[in-house]
Amino acid sequence: SAVLARQINNAYIKKNRLPVVFTYHTKFDIDIDKFVLNPKFNKIARRFVLSNIRSADEVWAVSEGAGKNLREFGYTGDYLVMPNGTDFPHGKADPDAINTINRMYNLNNDKYTFLFVGRMMWYKNLKLILDTLKLTAEAGLNFQAIFVGDGTDRPAIEYYAKTIGLADSTVFVGAVYDRERIRAFFSRADLFLFPSTYDTSGLVVREAAACDCASLLVRGSCAAEGVEDGVSGLLAEENAESCAKKLMEAAAGENAFRKLGEAAGEKVYYSWERAVDMAWARYEEIIKARRR
C-alpha cells in the first residue's frame, strides 16, 4: 500500500509540476535497526527510505548533526540546514502558573530544581540523568528533579530511580499537554537536563531557553548545537561523572544557573516566527526556480 500511495503521489506531483521538499528530522537508521531485525528486510527498508529522500527536489536537515546522520545513511546529495523554532514567547511564565505547580508537586524553593521534559524512554539517556543525579546527591547537592512526560519505559525508569536512592528527590509528573504548564515547568527549573544523543534537534532546549533556563547537554550532540559551554549552557561528556562535575561546578558559582539561563535566552532561543520566515522564503525560491 505504501508503494501504491507513493506512485499515486508521484503522478500527481509530476502532473502539477510541484516541487518536493524532504525534511530529515529522524535518525532512520536507528529506527530501522531497532524494528527491522532481519538483515535482508533491513536492507530493503533502508533502500526504500533512501530512494524517497533522493527523489526530492530539495532536502532539509533540522541540524548539522542530522545532516551528518543523513550522510551516514547513504545520502550524497545537497541539503540545507533548516532549524526548528519554538512557539514559546521569550520570557518566564506567569508567576501564578509557577506557584500552581509548586503547590501541586510540593516543590521546595530552597532546593535546586532540575528538569527533564520528553518521552520516558531509555534511549533518551534517562539512565545517564539518574546516575548523574545520584552522584550529585552523594556529593551533597540539595536538589529536586522533575520528570515531565510518559512512555513505555516510565515504570522501569521510576523503579530505577528508587533503587539508587532518588525516591525522595525525584518527581514523575507524567504527560502534560497544556503548553502554559510546560512553560511553567521550564520557568521554575534552574537547569534543564537533556543529555540525549538520539534526538536530531534540540527543540526542547530552545523551549527551555525561551524561559531563560539553560541546559546540560552532551558535547557534540545535535541538541548541543549553538550552545557555548559555561556561557549559554553546560556541555559534558556522555558519562555520569562528567555530567555531575558540570552540575557541581555550576552550583558552586554565584547565581551561575541564572546567568546561564539569561545567556541561553539571548543566544539559544529561536522563535517559531523566525523559523517559519526562513522556511517560507526558501519555499518561494524553490517555487520560482521550478517555474523557470
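The values are calculated or read from the model by the stated rules, or taken from the named source; none is laboratory data. A quick note: this is a predicted structure, and the numbers were derived from the prediction, not measured. Note that we place each Cβ from the backbone using ideal geometry, even for glycine, and neighbour counts take in every protein chain shown. To get the accessible areas, we keep the full protein, side chains included, count just its heavy atoms, and leave off ligands, DNA and RNA. Shrake-Rupley method; radii C 1.70, N 1.55, O 1.52, S 1.80 Å.
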| note | Rounded to the nearest Å, the spacing of the alpha-carbon centers of the stretch 106-140 and the stretch 157-234 is 9 Å
| query | From the list (1) 15.8; (2) 17.2; (3) 13.5, can you say which value of mean projected area of the Cα convex hull in nm² was derived from the structure given? | reply | (2)
| field | Solvent exposure, largest accessible area first (probe 1.4 Å, DNA, RNA and ligands not counted), of Trp122, Trp272 | value | Trp272, Trp122
| task | Show Tyr177, Tyr75, Tyr269 ordered by accessible area, largest first, where the area counts protein heavy atoms only and the probe is 1.4 Å. | result | Tyr177, Tyr269, Tyr75
| query | Of the residues Ala224, Ala214, Ala236, which exhibits the maximal mean-square fluctuation in a Gaussian network model of the chain defined by a 10 Å Cα contact cut-off? | reply | Ala236
| Reachable lysines from Lys127, criterion Cα separation under 25 angstrom, eight or more residues apart if same chain | Lys27, Lys34, Lys111, Lys162, Lys245, Lys246
| remark: Here the relative contact order (percent) of the chain, from C-alpha pairs under 8 Å and at least 6 apart, is 20 percent
| remark: Between the residues Ile182, Tyr79, Asn106, the Cα farthest towards the positive end of the dipole of the chain, that dipole coming from +1 and -1 charges on the beta-carbon of Lys, Arg, Asp and Glu, is from Tyr79
| Once you sort the root eigenvalues of the Cα gyration tensor of the stretch 178-292 as a ≥ b ≥ c, which label holds: rounded (a/c under 1.5), prolate (a/b larger than b/c) or oblate (the other case)? | prolate
| Mind checking which aspartates and glutamates have their C-alpha under 14 Å from Lys92, skipping anything on the same chain fewer than 8 residues away? | Glu180, Asp190, Glu207, Asp212, Glu262, Glu266
| With +1 on each Lys and Arg Cβ and -1 on each Asp and Glu Cβ, how big is the dipole of the chain about its Cα centre, in debye rounded to the nearest 20? | 1560 debye
| message | Given axes a ≥ b ≥ c from the Cα gyration tensor, I'd like to know whether the stretch 6-101 is rounded (a/c under 1.5), prolate (a/b larger than b/c) or oblate. | response | prolate
| Candidate aspartates and glutamates - alpha carbon under 17 Å from Lys288, same-chain residues fewer than 8 apart omitted | Asp57, Glu58, Asp277
